[in-house]
Amino acid sequence: MMKHILTALVCAAALPIAAQNPFVQTWCTSDPAPMVHNGTMYVYTGHDEDGADFFWMQEWRVYSTQDMVNWTDHGSPLALESFSWADDRAWASQCVERDGKFFWYICAHSKLSGGMAIGVAVGNSPTGPFRDALGKPLFENGSWDHIDPTVFIDDDGQAWLMWGNPRVYYLKLNRDMISYEGEVGMLQMTEQAFGAPPMNERVKGKNYKDCYVEGPWLTKRNGKYQLLYAAGGVPEHISYSTAPSPLGPWTYAGEIMPLSETNSFTNHCGVADYKGHSYFFYHTGKLPNGGGFGRSVAVEEFRYNADGSFPTILPTDEGVKPVGVFSPYRKVEAETMAFSKGLKTEQNRRRGVYVTDIHNGDYIKLQNVDFGTQNPKTFSACVASGLRGGQLELHIDSLRGQRLTRLEVRGTGGWEQWETLKADFEQNVTGVHDLYLVFKGRKGPKLFNFDWWEIKPTPTGPQSRVIEDGGTGPYKAIMKEAADLKAHTVICPQDLSAFSAANPLPVLVWGNGACTNSPYEHVKFLSEIASYGYLVLATGYIPMDDEPYRGPMSTTEQQIESIDWALAQNANPNSPLYQKIDTNKICVAGMSCGGLQTLFNCADPRISAIMICNSGLFNQENAGSSVGGMPMPPKAKLTELHTPIIYILGGKTDIAYENGMDDFRRITHVPAIATNYPVGHGGTYAQPHGGEFAIVARQWLDWQLKGDKQAAKMFVGKNCGLKSREGWSIEKNKKAK
């Protein structure tokens, strides 16, 4: 008997190793809503509280992937507390992008009306931060049935919002996505449309083939509108109806996901195409201790039928196959995983999301990890431990596969006292493998918290590194060395095939704060800009980690060297950048001391734009506050400007504010703009994707170097876009108005 018990336990323990569904294991998640943006799949979910006996839900969460198997947890950028009018039941939601903003439609219990209400939050990125767009519900009337919103933007630009249980309500949204045209309507809930009429209209004793319940998802295929929904009552399956327009007439089309062993009496779906594949998202109750009130999001790949209709889709434990490889040679957030055991994630304002609740025997699995032909050299991890620590081992292909390295984690003096620890690799590894991060230590207690990890390869030539996820732009960026450009860092799109003499890369030459000879403080900002189709040449040595550079200062000549190199590369048939650089569109820029270097070089006739960040020339009265080694051109240098110039400053608490604004007021002969965002001298460079500074800088560059008229609207005119952008202020001289 004991042998059989042990065999069963071994089999049970082995099952999760091959599983991919549910694809989030750290929390109970529900009601998945997929959205594809700039090459990344995002999924917005609800969050079922552990051990709940009803749908007691307090927040919404976001997850993302670029290969469909390794998912990054972005935490909870939206919660009931985000809405002053909401007090309970953070139920199903959906997010959509329009005009560069992200609109997240939610439902929650309203303390204003006592019923469920539809609300909307808005953010500038897929992961937030988000804020209540209205300060009140978008729609409510005290009824309980206003739940599960779905949003769809049609080919003609008209946006539709639908929701409801047990009938479907709809609104025609205006272009601003936070107001609507006309009154709320209801779809006709007939037997022909949804398999059965509403309950109060049904014929007693008649068997109906199906019925709409809740959770609508509106989409379109081959010119035909499709409304997917939870159907049949309790337990629910997924069905759909089709129509020639969003308002019908709707025709019942059949089941998509029949009743299955999902351990959940509800279901809720969303569909999306990504990298040439079609995916169906739904939820189950298959996590340990899961169930009808502890659900978990899952995904299946499928192929539409030839006529665009849905096939039958059945839930699996295996989930989907990867659509790309995962590079380990970068800083990887610990909360990125294909599968995990025993772990939770937490977040705070300083660290963001991190992995916690780590115990002996827990693990993280990453799938399809490509070590390439370079042997890894070191493994680093950022950890915190109250007392005892433990060990973090790397294995390939299985939990007990070849061990690559072992990191000893000591007590750091507190669960928020973070340290970066490093270990050498014990074994060489190349090619594609599954990677297991296995946690060991004393049995019973929590071992440590875990924020991020990074593997560095054995250098075999010029080094390279992908920052964050390569940026949010359409051209994922890479940071690398150039063998013929010493003491400089090149940041550009990873794939240069989209660029040519007809579509060349404008150039951004960058000088660093404190005249540091490495752009380590600015790589998120610069990578974000490069991902939108720019060649960025930063002064200084490539930062292969996040440690501060401690070598000699950079020089003003290095910016000139960057320009020389760009022109030479464009003319060199042996260069991968041959005839791919717009040598007539060069912006020289810099932060703080790098801004002084930029102004020192401003007369160079090859420069076509100047961008000064958190900087400005010193005058005689405050020259003594400069740092030794900085270039100190006089204010008269401003007369040598021959291009448009923008100052991006950190507001009145920025130590460079007075210098920068004084520069701006002196410039009258070329177009000049001064913008301020109240964050001080440090800017937003260290924030994800460079934060607000990167958004504004990129829009200005798109205008100046690409002639983008849409980008120009942020700066041009009496009511330019930056005036309404939260936190920003803008001043323009007469040449720039």
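A few remarks follow.
- Qualifying residue in the range 102-112 (condition: open to solvent by 10 Å² or more (accessible area, probe 1.4 Å), closer than 30 Å to F339 by Cβ and either small (G, A, S) or modelled with pLDDT of 95 or more (or both)): no
- Filtered residue count, the range 38-67, keeping only those that are assigned to a loop (DSSP other than H, G, I, E, B) and open to solvent by 20 Å² or more (accessible area, probe 1.4 Å): 11
- Residue check for A381: touching a residue at least 60 places away in the same chain (Cβ under 8 Å) and within 23 Å of P548 (Cβ to Cβ): yes
- Matching residues in the range 570-590 - criterion: being of a type outside the set (A, V, I, L, M), in contact with a Pro (Cβ under 9 Å, 6 or more places away or on another chain) and buried (at least 23 other Cβ atoms within 10 Å of the Cβ): C587
- Matching entry among K341, K321 (being at pLDDT 95 or above and crowded, with 16+ Cβ neighbours inside 10 Å): K341
- The residue pairs whose first member lies in the range 347-361 and is in contact (Cβ under 8 Å) with a residue 12 or more places away in the chain, whose second member is surrounded by fewer than 18 Cβ atoms within 10 Å (Cβ to Cβ) and of a type in the set (D, E), and whose beta carbons are closer than 7 Å, counting only pairs six or more residues apart or on different chains, are Y354/E346; T356/E346.
- Qualifying position, being surrounded by fewer than 20 Cβ atoms within 10 Å (Cβ to Cβ) and either polar (S, T, N, Q) or over 30 Å from G352 (Cβ atoms) (or both), among A686, A672, A712: A712
- Restricting the range 536-556 to residues that are hydrophobic (A, V, I, L, M, F, W, C) and open to solvent by 10 Å² or more (accessible area, probe 1.4 Å), the residue that is nearest to K377 (Cα to Cα): M544
- Filter pass, P322 being within 21 Å of the chain's Cα centre (by Cα) and assigned to a loop (DSSP other than H, G, I, E, B): yes
- Condition check for Y436 on (1) out of contact with any Asp or Glu (no Cβ under 9 Å at 6 or more places or on another chain); (2) closer than 20 Å to D357 by Cα; (3) aromatic (F, W, Y): one failure, at (1).
- Within the range 301-318, tally of residues that are open to solvent by 30 Å² or more (accessible area, probe 1.4 Å), of a type in the set (S, T, N, Q) and more than 15 Å from N21 (Cα to Cα): 2
- Members of the range 513-535 that are under 18 Å from L599 (Cα atoms) and either modelled with pLDDT of 95 or more or in contact with a strand residue (DSSP E or B) (Cβ under 8 Å, 6 or more places away or on another chain) (or both): G513, N517
- Qualifying residues in the range 454-478 (those that are touching a helix residue (DSSP H, G or I) at 6+ places or on another chain (Cβ under 9 Å) and hydroxyl-bearing (S, T, Y)) - the one farthest from N503 (Cα to Cα): T472
- Only one of the numbered conditions (1) touching a strand residue (DSSP E or B) at 6+ places or on another chain (Cβ under 8 Å); (2) under 22 Å from G721 (Cα atoms) is not met by P678, and that is (1).
- Some residue of the range 620-634 being over 21 Å from G511 (Cβ atoms), small (G, A, S) and touching a helix residue (DSSP H, G or I) at 6+ places or on another chain (Cβ under 6 Å): no
- None of D708, D702 is touching a residue at least 60 places away in the same chain (Cβ under 8 Å) and under 20 Å from Y534 (Cα atoms) except D702.
- Residues in the range 454-513 that are open to solvent by less than 30 Å² (accessible area, probe 1.4 Å) and without any contact (Cβ under 8 Å) to a residue 24 or more places away in the chain: 0 in all.
- Of the residues making up the range 325-342, those that are of a type outside the set (S, T, Y), part of a loop (DSSP other than H, G, I, E, B) and under 22 Å from the mean Cα position of the chain (by Cα) are V325, P328, R330, A334, E335, A338.
- Some residue of the range 43-59 being at pLDDT 95 or above and closer than 20 Å to V332 by Cα: yes
- In this structure, S562 qualifies as more than 22 Å from T378 (Cβ to Cβ), crowded, with 21+ Cβ neighbours inside 10 Å and at pLDDT 95 or above.
- Qualifying residues in the range 594-626 (those that are in a helix (DSSP H, G or I) and modelled with pLDDT under 95) - the one surrounded by the fewest Cβ atoms within 10 Å (Cβ to Cβ): G624
- Meets criteria (small (G, A, S), at pLDDT 95 or above and surrounded by fewer than 17 Cβ atoms within 10 Å (Cβ to Cβ)) for G707: yes
- Test for S327: is it under 30 Å from P462 (Cβ atoms), hydroxyl-bearing (S, T, Y) and open to solvent by 20 Å² or more (accessible area, probe 1.4 Å): yes
- The listed residue being hydroxyl-bearing (S, T, Y), touching a Phe, Trp or Tyr at 6+ places or on another chain (Cβ under 9 Å) and under 21 Å from T72 (Cα atoms), out of T345, T378: T345
- Leading residue by the ranking (most open to solvent (accessible area, probe 1.4 Å)) among those in the range 399-418 that are in a strand (DSSP E or B) and more than 9 Å from S385 (Cα to Cα): E408
- Filtering the range 113-132 to residues that are open to solvent by less than 30 Å² (accessible area, probe 1.4 Å), within 30 Å of G39 (Cβ to Cβ) and in contact with a Lys or Arg (Cβ under 9 Å, 6 or more places away or on another chain) leaves G119, A121, V122, G123.
The values are calculated or read from the model by the stated rules, or taken from the named source; none is laboratory data. Source: prediction; values computed, not measured. In this analysis, Cβ positions are derived from the backbone assuming ideal geometry, glycine residues included, and neighbour counts consider all displayed protein chains. Heads up: the accessible areas ignore ligands, DNA and RNA and are worked out on the full protein's heavy atoms, side chains in. Shrake-Rupley method; radii C 1.70, N 1.55, O 1.52, S 1.80 Å.
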